[in-house]
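All of the numbers you see were taken from the coordinates with simple rules; none came from a lab. Note that the structure is predicted; figures quoted are calculated from it, not measured. All Cβ positions, glycine included, derive from the backbone under ideal geometry; neighbour counts span all protein chains shown.
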Amino acid sequence: MRDTHEDEQHGPLAGFTVGVTAARRAEEFGALLERRGATVLRAPALRIVPLADDGELLAATREIIGSVPDTVVVTTAVGFRGWIEAAAGWGLGDRLPAALRGAELLVRGPKAKGAVRAAGLTESWSAASESMAEVLDRLLAEGVTGRRIALQLHGEPLPGFIEPLRAAGAEVLPVPVYRWTGPEDIAPLDRLLDTTLARGLDALTFTSAPAAASLLGRAERRGLLPELLGALRDDVLVACVGPVTAQPLRARGIGTVQPERFRIAPLVQLLCQELPARAPALPVAGRRVQIRGHAVLVDGEPRPVQPAGMALLHALARRPGWVVARADLLRALPGGGTDEHAVETAMARLRTALGAPGLIQTVVKRGYRLALDPAEDGGDLR
């Protein structure tokens, strides 16, 4: 059971490290996590390149004004606003909205709907699930043979959307309002990748499918993709803002968690539920001990612990109350080694950090154990 007083005091994410790959709203997202106690590692996996001066966008805009399509699909609020602003910069600020009024406007969710209405337009329909799959299903159900459909892209080509429409007889006009590209400085992303491989993250978050694809691609270029997939499948919680974002990860067999509402704030709340649930509290030597990513909560008080100490604690917590041999603890220490004296040194520092030496018992000639309360371990030293 979670201690709500502890959450109020230090935040439900105290002691956890969360990776943020977002490019847009990264500071806002990180601040929400930090206010709840998390340590945040920021590393934009991509950057958005606006196309206000791009000839391809200008050409698509002029084509739509010159020959209004039957349907216009609006996929993102930021993209639609950027398109309207770019048109105004080209002197087409009145003509583009006028052309769009003559088309059926389909939007992917409430944020895109808000952008459409802010431009003085009214949508014909909005996808309740906020997914492109629902938009595609509606179009195909209506029948698209001979119809001209303009599609506002959101950073990637969307072949899984365009190709079925063309196969069904539609003419599809892509409108590339912005593009995703790699980050200008790759070093933060590499640090995030290395930290993930070292299991230094408790959770890794994604707010766009291109960001997920970018991290996977960077790992592949560095020859680290198998190791990354192993870390994400087994040890690091992967949290996505929605199912579209999760697609590149699911394609690699990585399980993800997603909030019911595809927004940043619900994603933060989901992490506040999921991460503490993965670190259940243990009754140890009359104390309540919760072992988190880089800290231990002792009776609700966070106590920072060095990586070597956390490695020992996690090894002991995998079999709470059971004796763990020094040789097994040595293998758990970062960097390995062959001298069991390293275990004794790390254990001494760990006990000091915990501020309660009795939490870990020394079992002479055998090893160490968490001093699990008798009600939990039956009083058996095992």
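Annotations
- Here the sum of -39500 (n - 2.57) over DSSP H runs of 4 or more residues, divided by the residues of the chain, equals -13000 deg cm²/dmol at 222 nm, to the nearest 500.
- Estimated distance in nm for a label pair at Ala265 and Ile186, the labels positioned 7 Å out from Cα along Cα-to-Cβ: 3.8
- Shape analysis of region 282-330 yields a ratio of the Cα radius of gyration to the Kirkwood radius, Rg/Rh, of 0.97.
- Size of electric dipole in the chain: Cβ of Lys, Arg +1 and of Asp, Glu -1, about Cα centre, debye, nearest 20: 460
- With one equal scatterer per alpha carbon and no solvent term, the Debye-computed log10 I(q)/I(0) for region 78-224 at 0.10, 0.11, 0.14, 0.21 1/Å reads -0.48, -0.56, -0.82, -1.32.
- Rg followed by Dmax, in Å, when region 182-270 is reduced to its Cα trace: 12.4, 35
- Contact order relative to length of the chain, as percent, for alpha carbon pairs under 8 angstrom and 6 or more apart: 16
- Local electrostatic count, Gly309, Cβ distance below 12 Å [Lys/Arg +1, Asp/Glu -1]: +3
- Take the Cβ atoms of Ala26 and Val364, set R0 to 35 Å, and the FRET efficiency comes out at 0.10.
- Percent of C-alpha pairs per 5 Å bin, region 193-342, short to long: 2, 9, 15, 17, 17, 15, 12, 8, 4, 1, 0
- Relative contact order of region 225-333, taken over Cα pairs closer than 8 Å and 6 or more residues apart, is 13 percent.
- 19 Å tail of the calculated P(r), region 1-147, as % of Cα pairs: 65
- Shape analysis of region 255-355 yields a ratio of the Cα radius of gyration to the Kirkwood radius, Rg/Rh, of 1.07.
- Taking label positions 7 Å along the Cα-Cβ direction at both Asp373 and Val49, the computed distance is 6.0 nm, reported to one decimal.
- Residue separation of Asp137 and Val257 scaled by 0.36 nm, minus their Cα-Cα distance, works out to 40.7 nm of gained length.
- For Val284, the residues whose amide H sits under 5 Å from its own are Val289, Asp373, ignoring neighbours fewer than 5 places away on the same chain, with H placed 1.01 Å from N.
- Leu229-Asp94 FRET efficiency (beta carbon distance; Förster radius 45 Å; 0.05 resolution): 0.35
- Estimated FRET transfer efficiency when R0 is 56 angstrom, pair His314-Ala118 (beta carbons, to 0.05): 0.65
- With viscosity 0.692 mPa s and temperature 37 °C, the Kirkwood radius over alpha carbon pairs of the chain converts through Stokes-Einstein to a diffusion coefficient of 139 µm²/s.
- HN-Hα J in Hz across region 198-213 - Karplus 6.51, -1.76, 1.60, θ = phi - 60°, x for Gly and Pro: 7, 6, x, 9, 8, 8, 10, 10, 9, 10, 7, 5, x, 5, 5, 5
- For the pair Asp70 and Thr145, the difference between a 0.36 nm per residue extended length and the Cα-Cα distance amounts to 25.9 nm.
- Nearest 10 degrees, 0 to 90: helix 55-66 Cα axis against the chain principal axis: 50
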